[in-house]
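Nothing in this text is a laboratory measurement; each read-out follows from the coordinates by a stated rule. All values derive from a computational prediction rather than experimental measurement. A quick note on method: Cβ atoms are made from the backbone with ideal geometry, for glycine too, and the neighbour counts reach across all protein chains shown.
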Amino acid sequence: MKKKIEKAIEKVQKSENIPEEKKPFIIEKIKEWREEENAVNDIAVKLENWWMEVEPIFAELGLI
């Protein structure tokens, strides 16, 4: 589990799609979640919620 969280941190650091000013906050949150037992569940729920917000935008743009 911790290996996957470390990999997520690496991906955030290397991502060109995430603004540089937001990366430290995202990484900090991921590190906080790493210490919690339900870290992966929290990340999955937050990503699912984010996707539900942006899916209509991507659909309108014809990207999905």
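Shape call for the range 2-60 from the C-alpha gyration tensor, a ≥ b ≥ c root eigenvalues: rounded (a/c under 1.5), prolate (a/b greater than b/c) or oblate?
It is oblate, given that a/c is not under 1.5 and a/b is not larger than b/c.
Could you pull out the GluC sites (Glu not before Pro) across the range 25-64 that fall in loop regions by DSSP (anything but H, G, I, E, B) with no more than 15 other Cβ atoms inside 10 Å?
Glu35, Glu36, Glu37
Measure off 7 Å from each Cα along the Cα-to-Cβ vector at Ile9 and Asn41, then give the distance between these two points in nanometres to one decimal.
The two pseudo-label positions are separated by 2.3 nm.
For Lys22 and Glu60, FRET efficiency with R0 = 30 Å and r from the beta-carbon atoms, rounded to 0.05?
Numbers: r = 24 Å, r/R0 = 0.79.
So, using R0 = 30 Å, E works out to roughly 0.80.
If I fit a long axis through the Cα atoms of helix 39-60 and take the longest principal axis of the Cα atoms of the chain, what angle between them do I get, 0 to 90°, rounded to 10?
Computed tilt is about 10 degrees.
For helix 23-34, report the angle its Cα long axis makes with the longest principal axis of the Cα atoms of the chain; keep it between 0 and 90° and round to the nearest 10°.
Once rounded, one gets 60 degrees.
Nearest 10 degrees, 0 to 90: what angle lies between the long axis of helix 2-14 and the longest principal axis of the chain (Cα atoms)?
The answer is roughly 50 degrees.
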